[in-house]
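Working notes, beginning with the structure itself.
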Amino acid sequence: MKYSLRPYQKQGVDQIREQFKPKGHNVLYQLPTGGGKTVVFSYITEGAAARNKRVLILVHRAELLRQSSDSLDEIGVQHGIIAPGCDHDPLATVQVASVQTLVKRLGIIPEPDLIISDEAHHAQASTWTKIFSHYRNSRILGVTATPVRLDGKGLGRAAGGFFDSMVHGPSVKDLIQGGYLSKPRVFTAPVGADLSDMKKSRGEFEAKQAAGLLNKPHILGCAVAHYRNYVQGAPTIAFCSTVEHAESVAEEFRRAGFSAASIDGTLHDTDRRARIRDLGNGTLNVLTSCEIISEGTDIPVVAAAILLRPTASLSLYLQQIGRALRPYPGKEHAIILDHVMNAYRHGLPDEDRVWTLEGDDKAKRQQKDEVKGKQCPECYYFHEPARKCPACGFEYISSGGQGLTQVAGELIEADPAVLMAARREELREEWDCKTLDDFQALAKRRGYKPGWAFFRWKFKRQRETGVAA
(Lines give C-alpha, C1' and ligand atoms only; values in the text may rest on other atoms or scores of the structure.)
Protein backbone atom coordinates (compact mmCIF):
# COMPACT_ATOMS: atom_id res chain seq x y z
CA MET A 1 0.00 0.00 0.00
CA LYS A 2 1.31 3.44 -0.88
CA TYR A 3 0.72 6.61 1.09
CA SER A 4 -1.68 9.19 -0.24
CA LEU A 5 0.26 12.35 0.53
CA ARG A 6 -1.44 15.51 1.72
CA PRO A 7 -0.96 18.46 -0.66
CA TYR A 8 1.69 20.13 1.52
CA GLN A 9 3.52 16.80 1.94
CA LYS A 10 3.61 16.31 -1.83
CA GLN A 11 4.90 19.85 -2.22
CA GLY A 12 7.56 19.15 0.41
CA VAL A 13 8.73 16.01 -1.40
CA ASP A 14 8.99 17.91 -4.69
CA GLN A 15 10.95 20.73 -3.06
CA ILE A 16 13.30 18.32 -1.31
CA ARG A 17 14.06 16.54 -4.58
CA GLU A 18 14.69 19.88 -6.28
CA GLN A 19 17.09 20.93 -3.53
CA PHE A 20 19.03 17.67 -3.88
CA LYS A 21 19.95 18.39 -7.51
CA PRO A 22 23.29 20.13 -6.79
CA LYS A 23 26.02 17.56 -6.26
CA GLY A 24 26.86 17.00 -2.61
CA HIS A 25 23.91 19.07 -1.42
CA ASN A 26 22.34 18.12 1.94
CA VAL A 27 18.78 19.21 2.76
CA LEU A 28 16.93 19.94 6.00
CA TYR A 29 13.12 19.58 5.99
CA GLN A 30 11.18 21.46 8.67
CA LEU A 31 7.59 20.43 9.40
CA PRO A 32 5.69 21.06 12.67
CA THR A 33 5.00 18.22 15.06
CA GLY A 34 1.95 16.31 13.85
CA GLY A 35 2.45 17.33 10.22
CA GLY A 36 3.61 13.85 9.17
CA LYS A 37 7.40 13.93 8.84
CA THR A 38 7.60 10.13 9.04
CA VAL A 39 5.18 9.82 6.14
CA VAL A 40 7.28 12.20 4.05
CA PHE A 41 10.62 10.49 4.59
CA SER A 42 9.05 7.02 4.24
CA TYR A 43 7.67 8.08 0.86
CA ILE A 44 11.11 9.34 -0.19
CA THR A 45 12.68 6.10 1.05
CA GLU A 46 10.25 4.03 -1.01
CA GLY A 47 11.13 5.96 -4.16
CA ALA A 48 14.87 5.66 -3.55
CA ALA A 49 14.65 1.92 -2.84
CA ALA A 50 12.68 1.42 -6.07
CA ARG A 51 15.72 2.85 -7.89
CA ASN A 52 18.02 0.43 -6.02
CA LYS A 53 19.46 3.20 -3.89
CA ARG A 54 20.69 2.38 -0.41
CA VAL A 55 18.91 4.30 2.36
CA LEU A 56 19.89 4.58 6.03
CA ILE A 57 17.32 6.03 8.46
CA LEU A 58 18.86 7.22 11.75
CA VAL A 59 16.83 7.52 14.95
CA HIS A 60 17.87 8.04 18.56
CA ARG A 61 15.10 6.33 20.53
CA ALA A 62 13.43 2.94 20.55
CA GLU A 63 9.99 4.50 20.02
CA LEU A 64 11.20 6.32 16.91
CA LEU A 65 12.88 3.20 15.53
CA ARG A 66 9.68 1.21 15.88
CA GLN A 67 7.63 4.06 14.42
CA SER A 68 9.87 4.31 11.33
CA SER A 69 9.89 0.55 10.88
CA ASP A 70 6.09 0.35 11.14
CA SER A 71 5.74 3.14 8.59
CA LEU A 72 7.93 1.29 6.10
CA ASP A 73 6.03 -1.95 6.73
CA GLU A 74 2.78 -0.13 5.99
CA ILE A 75 3.90 0.73 2.46
CA GLY A 76 5.67 -2.58 1.85
CA VAL A 77 9.31 -1.42 1.99
CA GLN A 78 11.55 -4.27 3.12
CA HIS A 79 14.23 -3.11 5.53
CA GLY A 80 16.76 -4.18 8.08
CA ILE A 81 16.92 -2.97 11.68
CA ILE A 82 20.15 -2.16 13.49
CA ALA A 83 19.38 -2.06 17.20
CA PRO A 84 19.92 -4.17 20.34
CA GLY A 85 17.98 -7.41 20.28
CA CYS A 86 17.15 -7.21 16.56
CA ASP A 87 18.28 -9.70 13.90
CA HIS A 88 20.13 -7.63 11.34
CA ASP A 89 19.52 -8.19 7.62
CA PRO A 90 22.76 -6.99 5.97
CA LEU A 91 21.36 -7.47 2.45
CA ALA A 92 18.43 -5.08 2.86
CA THR A 93 18.67 -1.97 0.71
CA VAL A 94 16.95 0.09 3.42
CA GLN A 95 18.18 0.09 7.02
CA VAL A 96 16.63 1.69 10.11
CA ALA A 97 19.30 2.16 12.75
CA SER A 98 19.61 3.26 16.33
CA VAL A 99 22.31 5.92 16.36
CA GLN A 100 23.74 4.56 19.61
CA THR A 101 24.08 1.07 18.08
CA LEU A 102 25.31 1.98 14.61
CA VAL A 103 28.08 4.25 15.88
CA LYS A 104 29.66 1.13 17.45
CA ARG A 105 29.25 -0.95 14.25
CA LEU A 106 30.09 1.44 11.46
CA GLY A 107 31.35 -1.33 9.17
CA ILE A 108 28.16 -3.35 9.37
CA ILE A 109 26.56 -1.92 6.19
CA PRO A 110 27.88 -0.53 2.89
CA GLU A 111 27.89 3.23 2.48
CA PRO A 112 24.30 4.38 1.79
CA ASP A 113 23.34 6.68 -1.05
CA LEU A 114 21.02 8.61 1.27
CA ILE A 115 21.02 9.07 5.04
CA ILE A 116 17.77 10.29 6.59
CA SER A 117 18.31 11.86 10.01
CA ASP A 118 15.10 11.87 12.04
CA GLU A 119 14.80 14.61 14.71
CA ALA A 120 17.70 16.32 12.96
CA HIS A 121 18.09 19.06 15.57
CA HIS A 122 20.26 16.43 17.30
CA ALA A 123 22.43 15.96 14.22
CA GLN A 124 25.47 17.78 15.57
CA ALA A 125 25.80 15.52 18.60
CA SER A 126 29.03 13.51 18.57
CA THR A 127 27.42 10.16 17.73
CA TRP A 128 25.66 11.54 14.65
CA THR A 129 28.80 13.38 13.57
CA LYS A 130 30.84 10.17 13.68
CA ILE A 131 28.32 8.42 11.44
CA PHE A 132 28.16 11.27 8.93
CA SER A 133 31.95 11.46 8.85
CA HIS A 134 32.27 7.72 8.28
CA TYR A 135 29.78 7.74 5.39
CA ARG A 136 31.23 10.93 3.96
CA ASN A 137 29.93 10.39 0.41
CA SER A 138 26.29 9.90 1.42
CA ARG A 139 23.67 12.59 0.84
CA ILE A 140 21.83 13.66 4.01
CA LEU A 141 18.18 14.54 4.50
CA GLY A 142 17.41 15.89 7.95
CA VAL A 143 13.82 16.14 9.20
CA THR A 144 12.69 18.06 12.27
CA ALA A 145 9.89 20.20 13.62
CA THR A 146 12.33 22.52 15.38
CA PRO A 147 15.57 23.19 13.47
CA VAL A 148 17.33 24.89 16.38
CA ARG A 149 19.71 23.73 19.08
CA LEU A 150 19.46 24.82 22.69
CA ASP A 151 22.86 26.52 22.47
CA GLY A 152 21.71 28.64 19.50
CA LYS A 153 24.09 27.04 17.01
CA GLY A 154 22.68 26.61 13.52
CA LEU A 155 22.40 23.39 11.54
CA GLY A 156 23.80 24.81 8.28
CA ARG A 157 27.32 24.26 6.99
CA ALA A 158 28.21 27.90 7.61
CA ALA A 159 27.49 27.33 11.29
CA GLY A 160 29.48 24.10 11.42
CA GLY A 161 26.52 21.84 10.59
CA PHE A 162 25.74 19.49 7.71
CA PHE A 163 22.95 21.13 5.73
CA ASP A 164 23.11 23.38 2.68
CA SER A 165 19.46 24.40 2.39
CA MET A 166 16.17 24.14 4.23
CA VAL A 167 12.72 23.26 2.88
CA HIS A 168 9.98 24.81 5.02
CA GLY A 169 6.67 23.05 5.46
CA PRO A 170 3.48 24.89 6.46
CA SER A 171 3.36 26.64 9.83
CA VAL A 172 1.43 25.39 12.85
CA LYS A 173 -1.19 28.04 12.12
CA ASP A 174 -1.49 26.83 8.51
CA LEU A 175 -1.94 23.22 9.64
CA ILE A 176 -4.63 24.29 12.12
CA GLN A 177 -6.49 26.21 9.41
CA GLY A 178 -6.28 23.15 7.15
CA GLY A 179 -7.75 20.91 9.85
CA TYR A 180 -4.56 18.88 10.23
CA LEU A 181 -3.87 20.07 13.80
CA SER A 182 -6.09 21.18 16.67
CA LYS A 183 -6.18 24.79 17.82
CA PRO A 184 -4.42 25.08 21.19
CA ARG A 185 -5.96 26.78 24.21
CA VAL A 186 -3.16 27.72 26.59
CA PHE A 187 -3.81 28.29 30.29
CA THR A 188 -0.84 29.52 32.31
CA ALA A 189 -0.70 30.35 36.02
CA PRO A 190 -0.30 34.01 36.97
CA VAL A 191 2.25 33.08 39.62
CA GLY A 192 4.40 30.08 38.82
CA ALA A 193 7.54 28.80 40.50
CA ASP A 194 10.12 31.54 41.11
CA LEU A 195 12.81 30.72 38.56
CA SER A 196 14.92 33.84 38.99
CA ASP A 197 17.59 32.06 41.03
CA MET A 198 17.63 28.83 39.05
CA LYS A 199 20.93 27.82 37.54
CA LYS A 200 21.28 26.50 34.02
CA SER A 201 23.41 23.79 32.45
CA ARG A 202 24.26 24.33 28.78
CA GLY A 203 21.46 26.85 28.57
CA GLU A 204 18.80 24.61 30.16
CA PHE A 205 17.41 24.67 33.67
CA GLU A 206 18.95 22.10 36.02
CA ALA A 207 16.48 19.19 36.10
CA LYS A 208 16.88 18.34 39.79
CA GLN A 209 16.58 21.96 40.86
CA ALA A 210 13.48 22.42 38.69
CA ALA A 211 11.89 19.35 40.24
CA GLY A 212 12.73 20.67 43.73
CA LEU A 213 10.80 23.88 43.06
CA LEU A 214 7.85 22.15 41.43
CA ASN A 215 7.52 18.98 43.47
CA LYS A 216 5.32 20.58 46.13
CA PRO A 217 1.74 19.62 47.06
CA HIS A 218 0.21 22.99 46.16
CA ILE A 219 1.79 22.91 42.70
CA LEU A 220 0.75 19.30 42.12
CA GLY A 221 -2.69 19.97 43.55
CA CYS A 222 -3.07 22.87 41.15
CA ALA A 223 -2.21 20.58 38.26
CA VAL A 224 -4.86 18.07 39.34
CA ALA A 225 -7.49 20.75 39.89
CA HIS A 226 -6.89 22.38 36.52
CA TYR A 227 -6.95 18.97 34.84
CA ARG A 228 -10.30 18.23 36.45
CA ASN A 229 -11.71 21.63 35.45
CA TYR A 230 -10.41 21.93 31.90
CA VAL A 231 -9.76 18.38 30.64
CA GLN A 232 -12.26 16.34 32.68
CA GLY A 233 -10.59 12.95 32.45
CA ALA A 234 -9.52 13.02 28.79
CA PRO A 235 -6.14 11.46 27.84
CA THR A 236 -3.33 13.80 28.89
CA ILE A 237 0.47 13.84 29.06
CA ALA A 238 2.23 15.65 31.91
CA PHE A 239 5.85 16.63 31.26
CA CYS A 240 8.06 16.52 34.35
CA SER A 241 11.67 17.31 35.27
CA THR A 242 12.95 14.02 36.69
CA VAL A 243 11.92 10.39 37.05
CA GLU A 244 11.01 10.99 40.70
CA HIS A 245 9.00 14.07 39.81
CA ALA A 246 7.06 12.14 37.15
CA GLU A 247 6.17 9.37 39.56
CA SER A 248 5.11 11.77 42.33
CA VAL A 249 2.83 13.65 39.92
CA ALA A 250 1.29 10.37 38.79
CA GLU A 251 0.68 9.46 42.43
CA GLU A 252 -1.10 12.78 43.04
CA PHE A 253 -3.45 12.05 40.14
CA ARG A 254 -4.09 8.54 41.43
CA ARG A 255 -4.95 9.91 44.88
CA ALA A 256 -7.45 12.21 43.21
CA GLY A 257 -9.19 9.22 41.63
CA PHE A 258 -7.69 9.33 38.15
CA SER A 259 -5.91 6.49 36.39
CA ALA A 260 -2.30 7.60 35.98
CA ALA A 261 1.15 6.14 35.39
CA SER A 262 4.64 7.45 34.76
CA ILE A 263 7.03 6.65 31.94
CA ASP A 264 10.79 7.09 31.72
CA GLY A 265 13.93 5.55 30.26
CA THR A 266 14.36 3.09 33.14
CA LEU A 267 11.25 1.15 32.13
CA HIS A 268 11.51 -1.91 29.92
CA ASP A 269 10.50 -1.18 26.32
CA THR A 270 7.49 -3.51 26.64
CA ASP A 271 6.21 -1.60 29.69
CA ARG A 272 6.70 1.78 28.00
CA ARG A 273 4.78 0.60 24.94
CA ALA A 274 1.96 -0.76 27.14
CA ARG A 275 1.56 2.53 29.02
CA ILE A 276 1.57 4.59 25.84
CA ARG A 277 -1.04 2.22 24.38
CA ASP A 278 -3.16 2.50 27.55
CA LEU A 279 -3.19 6.28 27.26
CA GLY A 280 -4.29 6.05 23.63
CA ASN A 281 -7.13 3.60 24.33
CA GLY A 282 -8.44 5.43 27.39
CA THR A 283 -7.27 2.99 30.06
CA LEU A 284 -5.07 5.77 31.48
CA ASN A 285 -6.26 9.32 32.07
CA VAL A 286 -2.79 10.76 32.58
CA LEU A 287 0.69 9.65 31.58
CA THR A 288 3.52 11.52 33.27
CA SER A 289 6.82 11.63 31.42
CA CYS A 290 10.45 12.38 32.01
CA GLU A 291 12.00 12.93 28.54
CA ILE A 292 10.67 9.82 26.78
CA ILE A 293 7.68 11.27 24.92
CA SER A 294 8.80 14.88 24.62
CA GLU A 295 9.59 14.35 20.95
CA GLY A 296 8.92 11.98 18.11
CA THR A 297 6.40 9.61 19.67
CA ASP A 298 3.03 9.57 17.92
CA ILE A 299 0.09 9.03 20.25
CA PRO A 300 -3.06 9.70 18.22
CA VAL A 301 -5.46 10.35 21.10
CA VAL A 302 -4.12 13.08 23.42
CA ALA A 303 -6.45 15.84 24.55
CA ALA A 304 -4.06 17.91 26.63
CA ALA A 305 -0.50 18.55 27.75
CA ILE A 306 0.43 19.59 31.29
CA LEU A 307 3.73 21.47 31.49
CA LEU A 308 5.40 20.93 34.87
CA ARG A 309 8.98 21.28 33.68
CA PRO A 310 10.32 24.81 33.12
CA THR A 311 12.45 24.84 29.99
CA ALA A 312 14.70 27.41 28.35
CA SER A 313 14.47 25.40 25.11
CA LEU A 314 12.01 26.58 22.47
CA SER A 315 12.54 23.26 20.72
CA LEU A 316 11.56 21.19 23.76
CA TYR A 317 8.57 23.44 24.48
CA LEU A 318 7.18 23.04 20.95
CA GLN A 319 7.90 19.31 20.87
CA GLN A 320 6.00 18.77 24.13
CA ILE A 321 2.99 20.83 23.09
CA GLY A 322 2.99 19.08 19.73
CA ARG A 323 2.03 15.80 21.42
CA ALA A 324 -1.40 17.29 22.15
CA LEU A 325 -2.10 19.01 18.83
CA ARG A 326 -3.18 15.98 16.80
CA PRO A 327 -6.93 16.10 16.06
CA TYR A 328 -9.30 13.20 16.53
CA PRO A 329 -13.11 12.88 16.22
CA GLY A 330 -14.87 14.97 18.83
CA LYS A 331 -11.81 16.98 19.81
CA GLU A 332 -12.42 20.73 19.54
CA HIS A 333 -9.19 22.11 21.01
CA ALA A 334 -5.85 21.00 22.40
CA ILE A 335 -5.66 22.08 26.04
CA ILE A 336 -2.25 23.22 27.30
CA LEU A 337 -1.99 23.63 31.09
CA ASP A 338 1.22 25.57 31.58
CA HIS A 339 2.10 25.68 35.30
CA VAL A 340 5.68 26.87 34.80
CA MET A 341 5.32 29.95 32.59
CA ASN A 342 6.85 28.38 29.48
CA ALA A 343 4.35 30.25 27.30
CA TYR A 344 5.79 33.51 28.61
CA ARG A 345 9.29 32.42 27.63
CA HIS A 346 8.49 31.10 24.18
CA GLY A 347 5.12 32.43 23.03
CA LEU A 348 1.96 30.69 21.89
CA PRO A 349 2.30 27.35 20.05
CA ASP A 350 0.87 28.78 16.82
CA GLU A 351 2.94 31.97 16.90
CA ASP A 352 4.70 32.64 13.60
CA ARG A 353 8.39 31.73 13.85
CA VAL A 354 11.37 32.25 11.60
CA TRP A 355 13.63 29.22 11.14
CA THR A 356 17.06 29.56 9.54
CA LEU A 357 20.13 27.38 9.11
CA GLU A 358 22.19 30.10 10.75
CA GLY A 359 20.89 29.58 14.24
CA ASP A 360 18.38 30.75 16.80
CA ASP A 361 19.85 34.21 17.42
CA LYS A 362 19.23 35.39 13.87
CA ALA A 363 15.81 33.78 13.80
CA LYS A 364 14.77 35.63 16.94
CA ARG A 365 16.04 38.96 15.64
CA GLN A 366 14.03 38.48 12.44
CA GLN A 367 10.78 37.91 14.29
CA LYS A 368 8.32 40.69 14.92
CA ASP A 369 8.72 42.81 18.02
CA GLU A 370 5.55 41.68 19.70
CA VAL A 371 4.36 38.50 21.36
CA LYS A 372 0.94 37.43 20.22
CA GLY A 373 -0.22 36.58 23.71
CA LYS A 374 -2.33 37.84 26.62
CA GLN A 375 -3.38 36.07 29.78
CA CYS A 376 -6.83 36.19 31.29
CA PRO A 377 -6.55 36.86 35.05
CA GLU A 378 -9.92 35.20 35.66
CA CYS A 379 -9.42 31.76 34.08
CA TYR A 380 -5.69 32.04 33.12
CA TYR A 381 -6.38 31.32 29.44
CA PHE A 382 -3.43 32.49 27.30
CA HIS A 383 -4.67 33.87 23.98
CA GLU A 384 -4.09 36.38 21.21
CA PRO A 385 -4.70 40.00 22.26
CA ALA A 386 -8.42 40.87 22.56
CA ARG A 387 -10.73 43.07 24.62
CA LYS A 388 -12.46 39.97 26.00
CA CYS A 389 -11.16 36.55 27.01
CA PRO A 390 -12.37 34.04 24.37
CA ALA A 391 -12.61 31.33 27.03
CA CYS A 392 -14.66 32.93 29.82
CA GLY A 393 -15.72 36.34 28.46
CA PHE A 394 -13.78 38.36 31.03
CA GLU A 395 -13.48 42.01 29.92
CA TYR A 396 -10.08 43.64 30.36
CA ILE A 397 -10.08 46.99 32.16
CA SER A 398 -7.23 49.35 31.35
CA SER A 399 -5.51 50.93 34.31
CA GLY A 400 -4.25 53.82 32.21
CA GLY A 401 -0.68 52.53 32.28
CA GLN A 402 0.71 50.56 29.34
CA GLY A 403 1.09 46.84 29.98
CA LEU A 404 -1.03 46.80 33.16
CA THR A 405 -4.45 45.34 33.84
CA GLN A 406 -6.36 46.11 37.03
CA VAL A 407 -8.03 43.05 38.51
CA ALA A 408 -9.37 42.63 42.06
CA GLY A 409 -6.88 45.04 43.56
CA GLU A 410 -3.76 43.64 41.95
CA LEU A 411 -1.97 44.51 38.74
CA ILE A 412 -0.97 41.86 36.23
CA GLU A 413 1.36 42.75 33.39
CA ALA A 414 -0.36 41.15 30.43
CA ASP A 415 0.62 43.41 27.55
CA PRO A 416 2.34 41.36 24.82
CA ALA A 417 4.94 44.09 24.34
CA VAL A 418 6.03 43.69 27.95
CA LEU A 419 6.52 39.96 27.48
CA MET A 420 8.51 40.41 24.30
CA ALA A 421 10.63 43.11 25.91
CA ALA A 422 11.91 40.59 28.42
CA ARG A 423 12.74 38.14 25.65
CA ARG A 424 14.48 40.84 23.61
CA GLU A 425 16.49 41.98 26.62
CA GLU A 426 18.18 38.61 26.93
CA LEU A 427 19.24 38.76 23.29
CA ARG A 428 20.39 42.36 23.63
CA GLU A 429 22.65 41.47 26.54
CA GLU A 430 24.40 38.87 24.43
CA TRP A 431 24.60 41.16 21.42
CA ASP A 432 26.25 43.87 23.54
CA CYS A 433 29.04 41.49 24.60
CA LYS A 434 32.19 42.26 22.60
CA THR A 435 34.89 40.20 24.28
CA LEU A 436 35.26 36.84 25.96
CA ASP A 437 35.42 38.65 29.29
CA ASP A 438 32.05 40.25 28.56
CA PHE A 439 30.48 36.85 27.87
CA GLN A 440 32.09 35.37 31.00
CA ALA A 441 30.65 38.18 33.13
CA LEU A 442 27.21 37.63 31.60
CA ALA A 443 27.45 33.88 32.18
CA LYS A 444 28.28 34.51 35.84
CA ARG A 445 25.28 36.83 36.27
CA ARG A 446 22.96 34.29 34.68
CA GLY A 447 24.39 31.29 36.54
CA TYR A 448 25.59 29.58 33.35
CA LYS A 449 28.59 27.29 33.20
CA PRO A 450 31.89 28.82 31.93
CA GLY A 451 31.77 26.79 28.70
CA TRP A 452 28.67 28.72 27.61
CA ALA A 453 30.63 31.99 27.53
CA PHE A 454 33.40 30.56 25.38
CA PHE A 455 30.96 28.99 22.93
CA ARG A 456 28.86 32.15 22.53
CA TRP A 457 31.97 34.32 22.07
CA LYS A 458 33.35 31.90 19.47
CA PHE A 459 29.99 31.72 17.68
CA LYS A 460 29.65 35.52 17.54
CA ARG A 461 33.22 35.99 16.30
CA GLN A 462 32.70 33.43 13.56
CA ARG A 463 29.49 35.10 12.39
CA GLU A 464 31.04 38.56 12.39
CA THR A 465 34.32 37.68 10.69
CA GLY A 466 33.59 34.44 8.87
CA VAL A 467 36.63 32.95 10.62
CA ALA A 468 36.46 30.56 13.56
CA ALA A 469 37.71 32.15 16.79
Does LYS200 meet the test of being of a type in the set (Lys, Arg) and either open to solvent by less than 50 Å² (accessible area, probe 1.4 Å) or at pLDDT below 60 (or both)? yes
Name the residue that is most open to solvent (accessible area, probe 1.4 Å), counting only residues in the range 39-57 that are in a helix (DSSP H, G or I) and aliphatic (A, V, I, L, M). ALA50
Scan the range 312-319 and tell me whether some residue there is of a type in the set (Ser, Thr, Tyr) and in contact with a Cys (Cβ under 6 Å, 6 or more places away or on another chain). no
Going by the conditions given, is GLY80 in contact with a Leu (Cβ under 7 Å, 6 or more places away or on another chain), modelled with pLDDT of 90 or more and open to solvent by less than 50 Å² (accessible area, probe 1.4 Å)? no
Among the helices (runs of 4 or more DSSP H) contained in the range 226-344, which hold 3 or more residues that are under 22 Å from LEU64 (Cβ atoms) and over 23 Å from the mean Cα position of the chain (by Cα)? 269-281
At least 1 residues that are open to solvent by 40 Å² or more (accessible area, probe 1.4 Å) and not small (Gly, Ala, Ser) in each: list the strands (runs of 3 or more DSSP E) lying fully within the range 93-154 that qualify. 139-144
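Conditions tested, residue by residue: (1) closer than 20 Å to THR129 by Cβ; (2) among the hydroxyl-bearing types (Ser, Thr, Tyr).
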site	(1), (2)
GLN30	no, no
THR38	no, yes
GLY47	no, no
HIS60	yes, no
GLY76	no, no
HIS79	no, no
ASP87	no, no
GLN95	yes, no
Can you tell me how many residues within the range 291-311 are open to solvent by less than 20 Å² (accessible area, probe 1.4 Å) and modelled with pLDDT of 75 or more? 10
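The values are calculated or read from the model by the stated rules, or taken from the named source; none is laboratory data. For clarity, every value in this text was computed on a predicted model and none was experimentally measured. For neighbour counting, all protein chains shown are included, and Cβ atoms are generated from backbone atoms with ideal geometry for every residue, glycine included. Side chains are part of the model used for accessible areas, which takes the heavy atoms of the whole protein and leaves out ligands, DNA and RNA. Shrake-Rupley method; radii C 1.70, N 1.55, O 1.52, S 1.80 Å.
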